[in-house]
Amino acid sequence: MSQVDLPLVPGDVAEPAAGEAALPPKLTAAQRGLERIWATPPGWGRLSSVNHTVLGRRFIVAAFVFFAIGGALAMLIRAQLASPRSAFVGPDVYNQIFTMHGTVMMFLFAIPMFEGLAIYLLPKMLGARDFAFPRLTALGFWCYLFGGSILIAALVMGVAPDSGWFMYTPLSSNTYSPGINADVWLLGVTFVEISAVAAAVELTVSILKFRAPGMTLATMPLFAWYILVTAGMMLVGFPPLILGSILLELERAADLPFFDPTRGGDPLLWQHLFWLFGHPEVYIIFLPAAGILTTMIPVLARREILGYSWIVVAITALGFLSFGLWVHHMFTVGIPHLALSFFSAASVLVAVPTGVQIFLWLGTLMAGRPRMSVPMLFVVGFFLIFVCGGLTGVMLAIVPFDWQAHDTHFVVAHLHYVLVGGFVFPMLAAAYYYLPHVTGREPLYGVGKLAFWLIFIGFNATFLVMHLTGLLGMPRRWAVVPEGYGWDWPNLVSSIGGFVMTAGFALFAADVLFQIRFGKRSKPDPWGAETLEWATAIPPRPYAFAAIPAVSSRTPLRDRPDLGAALERGEGYLAEPRNGWQETLVVSIADGQPEHIAILPRPTFLPLLTALAIGAFVLSLLFKLYWFSPVAVLLVTGLLLAWSGQTGQRQDHGPLSAGMGLSLPLHAEVERPATWWGMLFLLVADATLFASLMFGGLFLWLVAPGWPGPAPLDLPWAPAVGLLVSAIAAALLGRAALIAVPRSTRLAAALLVAAAFAHALAAGCAILIAATAVPTPTLHAHMAVSVAVLGYAALHGAIGAVLAGLGAWRCLAGYVSAKRSADVRTGALWHDYTAVATLLAMGFLAGLGRLAPLRELASP
Amino acid sequence: MIGQRSAANLLLLTAGLVIWSSAFVALYAALSVGCAFGWEAVRIGPFSLQRLVLVGLWLVHLGLVAGLVLWMWKRARRSPDGDGLAGFLGRTSLWAGLVALAVTLVNYAPILGLSACL
Amino acid sequence: MLAGASAIFLFVSALLALALLKPGIGADVPPKRWLVWGGLAFPGVVLSALLVFALATGERLLPHPGTQAYTVEALPEQWLWRFRYPGGGESVGTLHMPAGQPVDVRVIGTDVIHSFWVPRLGGKIDAIPGHVNTIRLTADRPGSYGGVCSEFCGTGHTGMIFTALAHEAGSFESALAAAISGEAPR
């Protein structure tokens, strides 16, 4: 396993070739100015990059490296299963291998890969120069890289997680997994999840607000719709897993019995939280791939996509329905058949919007004149494999069939058909399709065809046969193939196929490197595509567009084939660089009318340092150096506060020229800048987490053995009233500060200081309640849940105090004026949410206390 | 009233499916609570309490989606045709509403037939 | 189900082949036809039929109260199968059951999650700590049927197998008594 240290090297493979030598011959004076403002510094300065093109490339390269690691693990699995009674590795190592294969492919390959693709492409498709929060993109990348590195380092040291990628308790609990293996998974994956939630907020705000003027929701590229739905699903789908991981880590580290059936916990809670994330996750992976297919198919078929509006409806439905499937991973845990039928019906229904897309793609292909090329080959491969995977998926949605096939190799075959067919093949097609965009070089297709056939044949040899292995009854996760069941030859075929497929992937990697190095210069839009990402120079400049175009249809390059050249001449918005500002346009959500100019932050090391500090916190938990954890938290807080110093304006500018005769205010001078929207969507994810926590409490009350607990929970009334009053006071003071801003920023600052004190008081009260009412939270899950809920309130109070303090400082430091009140407005969102959440938390605790005795009436 | 070109149309696009989600949570919760507390054994006329609660919740949600679809249908008729933004938003939310209605109908139909707590 | 799935797969593949071999063949097909027939009607009909059939089958397999069934308890632990019979007797690694009549296996969770599965007799059911799940099996003929743990349960997962021995209904009690006394030392 020599390649496991690879991800520690930041992925900049494409960078040297695309350096100065690749510049087009003549840059205008304006372009040279933009170049100076937007470029990532050389040398160590590369680590400070916040540019979406650079970070998108890094995400993709890092994800591919992790894919190679996951692939190597898969090869080890196939080597182990190639012959019966193989003693290649023992079961303890084998368990680490398959756990890590699943974990790496899901968390470190699939999600970051589509994030990378979206980060690289979306601003260019939408006609923006960058995302809403470039530093957040960078923070996401570093969190992903560090979290992934922790997992891989553990693998090298032989202490990788070994309880399966689904980490079912109690197998993953302290009793049955005493080492740090499970902690590595919980902390490493949560670290990566932070990156995913950051990306989700980033993508949502950017798609809604950072577009070219005139690009409405009805003319936006479908890829943006796909990613919008995906990002929305991530905001709601990831928090349950984050919560589950936090609770399980609390159980392992502090002995709080959320999942321990002897103390009122329940292992089923973990399964619900895990699959509440885990099934939407499949669609979170599939939708971006479908989005890129929807982008490529019309170009390859030379025919506009059929049914734009239908696709929007289909993927919206898909986004929702995919949340109604999670229990189909749990058909055998003993849930009533009627409840199973809801999930079974939803699992079957979800096939309909998928079918709508398949047939609209087929219709587009049949209506057009598709040209055979390597991307098209992979698209064909996608159709054949994914349709098979979809059909076996419908079979598995059928409860009685699932009772048979569940946890056999049939399921393994099914999920690989769905994920490899539905994600890897579209990504390979996209790789060949967009390679000219990234490198600026003409595609060469000889080797690509060979790679396709190796991968396609190898894949089917591996997994088509595996359906049979499963139907012959071989369970998943067996470390050896026993003789005498007829399982030996299908496993051998699978192993041979697996190695053929690996050869194909190796050939693909070599081919891409070769093309980056030796390809001929390409003309600007080699495919004749009609969307904006092909209006940039290839390879793209750091500012993407020398001027921002106005858009009036879904096919801006058909309306004006010379658009790219015109933009380079500066015929568009914001063509003139000024003040060293990284400027881009922000539009209204639905109709794409220009609203304001956003000044984006320049390259900075803060994201890297913050990620390092978060990493130090994670490692302190992992190695149980709990004395260091508070230090790390302070470090993270301090660094995050330092972010704020780089943004904002200390003076009113009034409307500024945006070019083309348009004058717009700066982002600091509007009511709702990107930060406000970012806070709103962050709170959506936060609220989902809180809802999952309350669901967990009620679930335990209803289902877990050993309820009601040994002692009733009495909330001490004085601190309880104090908590409620101070939380509400903080929100009111935040609102009052907003009203005070136009009159006096000093008054506003004073009110915010008061709000900070109220928040701090609320946090103190929550901690006091926990200490007095729940002296021994390890006793019973009811106590543990109560402490978790109070901890949630305390944490929000503490963060509220910091945010209010920050707001007061910004008032005093001159960032806030009557016109520039957005800081205070954004803070108010947090204060309001905290007040509501605190009320709910106290109501929940009181309610759960009342409900607990009722459990005695329930049937066992 | 929501403007025909306003961002709130995005909420309308999801409204029907949000009601479907609400039905999902409500029915799953009611079923679990009912099975734990023996509502299946409580008879009201020819039906069990469990069955009545489930069907009631289902009908309430069906009614909500149907009302929403009716309102959106009237609204879509007022909006201009064609490929413009208003037409697009009106059409897509109406179709999403219809999808939600169909899904709410099919997804929970097993309430009528299957045994509740086995 | 396999035949249906194959037919659908061939249908989609044929459309795809047509698209590539005869470019422009579908240029005159109105988009709405793809949506209504391909996207809605076709999956709608196939899937509804399948769903109704599936739910009816599932309902039939449930352990409905009122049926006379022989009840056995299964207590899996890392990494062996223990079975307890109505008289209090226990056996390890072998489940004795009468042939030709329904047998309810009450699967009781102990340490970590395991899953009870005798592939030739029926579906599987998980053993979750703190919970008891019941599955109804019927062995039509006497004989020996292999059983496995089908939920990953740690390093001994692969070896956690058992045998279900179905005895003639008439001689079951005596066979069980003999088997349990043979197991006594354990």
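The values are calculated or read from the model by the stated rules, or taken from the named source; none is laboratory data. Since the model is a prediction, treat every value here as computed from it, not as a measurement. We place every Cβ from the backbone using ideal geometry, glycine too, and count neighbours over all the protein chains shown.
Only one of the numbered conditions (1) surrounded by fewer than 19 Cβ atoms within 10 Å (Cβ to Cβ); (2) of a type outside the set (K, R); (3) in contact (Cβ under 8 Å) with a residue 12 or more places away in the chain; (4) away from chain B (no Cβ under 14 Å) is not met by A:L851, and that is (4). Condition first: of a type in the set (G, A, S) and surrounded by 16 or more Cβ atoms within 10 Å (Cβ to Cβ). Now tell me which residues in the range B:23-38 satisfy that. Across the range B:23-38, the qualifying residues are B:A23, B:A26, B:A30, B:S32, B:G34, B:A36. For the range C:126-137, the criterion of being under 16 Å from A:P475 (Cβ atoms) and part of a loop (DSSP other than H, G, I, E, B) is met by no residue. Restricting the range B:42-56 to residues that are surrounded by fewer than 17 Cβ atoms within 10 Å (Cβ to Cβ), out of contact with any strand residue (DSSP E or B) (no Cβ under 7 Å at 6 or more places or on another chain) and among the hydrophobic types (A, V, I, L, M, F, W, C), which is farthest from the other protein chains (Cβ to nearest Cβ)? So, considering only residues that are surrounded by fewer than 17 Cβ atoms within 10 Å (Cβ to Cβ), out of contact with any strand residue (DSSP E or B) (no Cβ under 7 Å at 6 or more places or on another chain) and among the hydrophobic types (A, V, I, L, M, F, W, C), the one farthest from the other protein chains (Cβ to nearest Cβ) is B:I44.
Only residues that are part of a helix (DSSP H, G or I) and more than 7 Å from chain A (Cβ to nearest Cβ) were counted in the range C:10-39, giving 9. Would you mind finding the one in B:L89, B:L59, B:L70 that is part of a helix (DSSP H, G or I), within 12 Å of chain A (Cβ to nearest Cβ) and farther than 22 Å from C:L50 by Cβ? None of the others qualify; the one that does is B:L89. Is there a residue being closer than 18 Å to C:L51 by Cα, polar (S, T, N, Q), in a helix (DSSP H, G or I) and in contact (Cβ under 8 Å) with a residue 60 or more places away in the chain anywhere in the range A:319-332? So far as the range A:319-332 goes, yes, one or more of its residues are closer than 18 Å to C:L51 by Cα, polar (S, T, N, Q), in a helix (DSSP H, G or I) and in contact (Cβ under 8 Å) with a residue 60 or more places away in the chain. Take the residues in the range B:11-22 that are buried (at least 17 other Cβ atoms within 10 Å of the Cβ) and over 16 Å from A:S341 (Cβ atoms), then tell me which one is nearest to the other protein chains (Cβ to nearest Cβ). Checked the range B:11-22; the qualifying residue nearest to the other protein chains (Cβ to nearest Cβ) is B:L17.
Only a single item in (1) part of a strand (DSSP E or B); (2) within 27 Å of A:G470 (Cβ to Cβ); (3) hydroxyl-bearing (S, T, Y) is not met by C:S91, and it is number (2). C:R120 meets all of the listed conditions (1) of a type in the set (K, R); (2) within 30 Å of A:V352 (Cβ to Cβ); (3) in contact with a Phe, Trp or Tyr (Cβ under 8 Å, 6 or more places away or on another chain) but one, namely (2). Considering the conditions (1) more than 21 Å from the chain's Cα centre (by Cα); (2) crowded, with 24+ Cβ neighbours inside 10 Å; (3) assigned to a helix (DSSP H, G or I), A:G265 is excluded by exactly one of them, (3).
A:G696 falls short of the stated requirement of being outside any helix (DSSP H, G or I) and more than 30 Å from A:C811 (Cα to Cα). Only residues that are at the interface with chain A (Cβ under 9 Å from one of its Cβ atoms), buried (at least 17 other Cβ atoms within 10 Å of the Cβ) and either charged (D, E, K, R) or at negative phi (or both) were counted in the range C:119-133, giving 9. Checking A:L293, A:L306 one by one, the residue that is at negative phi, assigned to a loop (DSSP other than H, G, I, E, B) and not acidic (D, E) is A:L306 and no other. Here A:F456 meets the list (1) within 14 Å of chain C (Cβ to nearest Cβ); (2) modelled with pLDDT under 95; (3) crowded, with 17+ Cβ neighbours inside 10 Å almost entirely, failing just condition (2). Looking across the range A:138-180 at every residue that is over 22 Å from A:F277 (Cα atoms), touching a Lys or Arg at 6+ places or on another chain (Cβ under 9 Å) and of a type outside the set (A, V, I, L, M, F, W, C), the one that is nearest to the other protein chains (Cβ to nearest Cβ) is identified as A:S177.
Of all the residues in the range A:178-212, those that are touching a residue at least 24 places away in the same chain (Cβ under 8 Å) and not in a helix (DSSP H, G or I) number 4.
Tell me the residue from A:G504, A:G580 that is of a type outside the set (V, I, T) and assigned to a loop (DSSP other than H, G, I, E, B), please.
Numbers: A:G504 fails: assigned to a loop (DSSP other than H, G, I, E, B).
After ruling out the rest, the residue left standing is A:G580.
Taken as a whole, the condition of being facing chain A (nearest Cβ under 9 Å), under 24 Å from A:S341 (Cβ atoms) and modelled with pLDDT of 85 or more applies to C:L47. Residues of the range A:122-177 that are of a type in the set (A, V, I, L, M) and closer than 30 Å to A:S644 by Cα: A:L122, A:M125, A:L126, A:A128, A:A132, A:L136, A:A138, A:L139, A:L145, A:I150.
Kindly indicate whether A:V333 is at the interface with another protein chain (Cβ under 7 Å from one of its Cβ atoms) and crowded, with 24+ Cβ neighbours inside 10 Å.
no
Give just the number: which of (1) surrounded by fewer than 21 Cβ atoms within 10 Å (Cβ to Cβ); (2) more than 7 Å from every other protein chain (Cβ to nearest Cβ) does A:W403 not satisfy? So the condition that A:W403 fails would be (2).
The single condition among (1) closer than 18 Å to A:A784 by Cβ; (2) modelled with pLDDT of 95 or more that A:A253 does not meet is (2).
Do we find a residue being in contact (Cβ under 8 Å) with a residue 24 or more places away in the chain and closer than 20 Å to A:I398 by Cβ anywhere in the range C:71-87? No: zero hits.
Taking the options B:S21, B:S6, name whichever one is outside any helix (DSSP H, G or I) and either among the hydrophobic types (A, V, I, L, M, F, W, C) or within 30 Å of A:T219 (Cα to Cα) (or both). Break it down stepwise before answering.
Values: B:S21 fails: outside any helix (DSSP H, G or I).
One residue alone meets the criteria, B:S6.
Taking the range A:253-286 as the search range and keeping residues that are more than 14 Å from chain C (Cβ to nearest Cβ) and touching a Pro at 6+ places or on another chain (Cβ under 6 Å), which one is farthest from A:T332 (Cα to Cα)? It would help to see each step written out before you state the result.
Here is the first cut: in the range A:253-286, the residues more than 14 Å from chain C (Cβ to nearest Cβ) are A:253-256, A:273, A:276-286.
Those left that are additionally touching a Pro at 6+ places or on another chain (Cβ under 6 Å): A:256, A:273, A:276-277.
Details: A:L256: 27, A:L273: 17, A:L276: 16, A:F277: 19 Å.
Restricting to residues being more than 14 Å from chain C (Cβ to nearest Cβ) and touching a Pro at 6+ places or on another chain (Cβ under 6 Å), the top hit is A:L256.
Here's a check for you: in the range C:61-75, which residue that is more than 13 Å from every other protein chain (Cβ to nearest Cβ) and assigned to a loop (DSSP other than H, G, I, E, B) is surrounded by the fewest Cβ atoms within 10 Å (Cβ to Cβ)? Once the filter is applied, the top-ranked residue is C:Q68. For C:G93, the criteria (1) away from chain A (no Cβ under 14 Å); (2) under 19 Å from C:A69 (Cβ atoms); (3) surrounded by fewer than 21 Cβ atoms within 10 Å (Cβ to Cβ) hold in every case but one, which is (2).
Checked against the criterion of being away from chain C (no Cβ under 11 Å) and outside any helix (DSSP H, G or I), the range A:363-386 has at least one qualifying residue. Looking at the structure I just gave you, is A:L276 assigned to a helix (DSSP H, G or I), at pLDDT below 95 and over 23 Å from the mean Cα position of the chain (by Cα)? Answer is no for this residue.
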